[in-house]
Amino acid sequence: PDLVATKYAADAACYWWKFLSRDITSIAKRGASTSVVESVTRRVNGGTNGLEDRAKLTKQFYKILA
C-alpha cells in the first residue's frame, strides 16, 4: 500500500481506470454535464460525496480546454 500511495500512484490509477472502471471512459467522453459527472463519481466512489464541487471544477476545466 505504501508504494502504491507514493511511487506507483499514477500507475495504479491508470490500471484501475482502464481495467476495473466498468467503462468510465465512454461516460466521461460525453462532456461536463452534471449527469455525466454524477455517473463517473458513482462509478469511482460508489456515491456522490463532493458531487457539487466536482461538477463545478469539471465545468471550469472544460472552459479552460475550449
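The values are calculated or read from the model by the stated rules, or taken from the named source; none is laboratory data. Worth saying up front: this structure is predicted, and the values here are computed from it rather than measured. All Cβ positions, glycine included, derive from the backbone under ideal geometry; neighbour counts span all protein chains shown. All accessible areas refer to the heavy atoms of the entire protein, side chains included, with ligands and DNA or RNA removed. Shrake-Rupley method; radii C 1.70, N 1.55, O 1.52, S 1.80 Å.
Here are a few things to note about the model shown:
- Selection status of Asp11, acidic (Asp, Glu) and open to solvent by 100 Å² or more (accessible area, probe 1.4 Å): no
- Subset tally (residues that are under 22 Å from Asp53 (Cα atoms) and of a type in the set (Gly, Ala, Ser)) for region 1-25: 2
- Scanning region 38-55 for residues that are loosely packed, with under 13 Cβ neighbours inside 10 Å and either touching a residue at least 24 places away in the same chain (Cβ under 8 Å) or in a helix (DSSP H, G or I) (or both) yields a total of 3.
- Of all residues in region 23-37, those satisfying the criterion of being open to solvent by less than 60 Å² (accessible area, probe 1.4 Å) and either assigned to a helix (DSSP H, G or I) or in contact with a strand residue (DSSP E or B) (Cβ under 6 Å, 6 or more places away or on another chain) (or both) are Ile24, Thr25, Ser26, Ile27, Ala28, Val36, Val37.
- Among the residues of region 19-66, the ones that are in contact with a Lys or Arg (Cβ under 8 Å, 6 or more places away or on another chain) and either of a type in the set (Asp, Glu) or at positive phi (or both) come to 1 in all.
- Complete set of residues in region 37-66 that are out of contact with any Ser or Thr (no Cβ under 8 Å at 6 or more places or on another chain), closer than 21 Å to Leu20 by Cβ and hydrophobic (A, V, I, L, M, F, W, C): Val40
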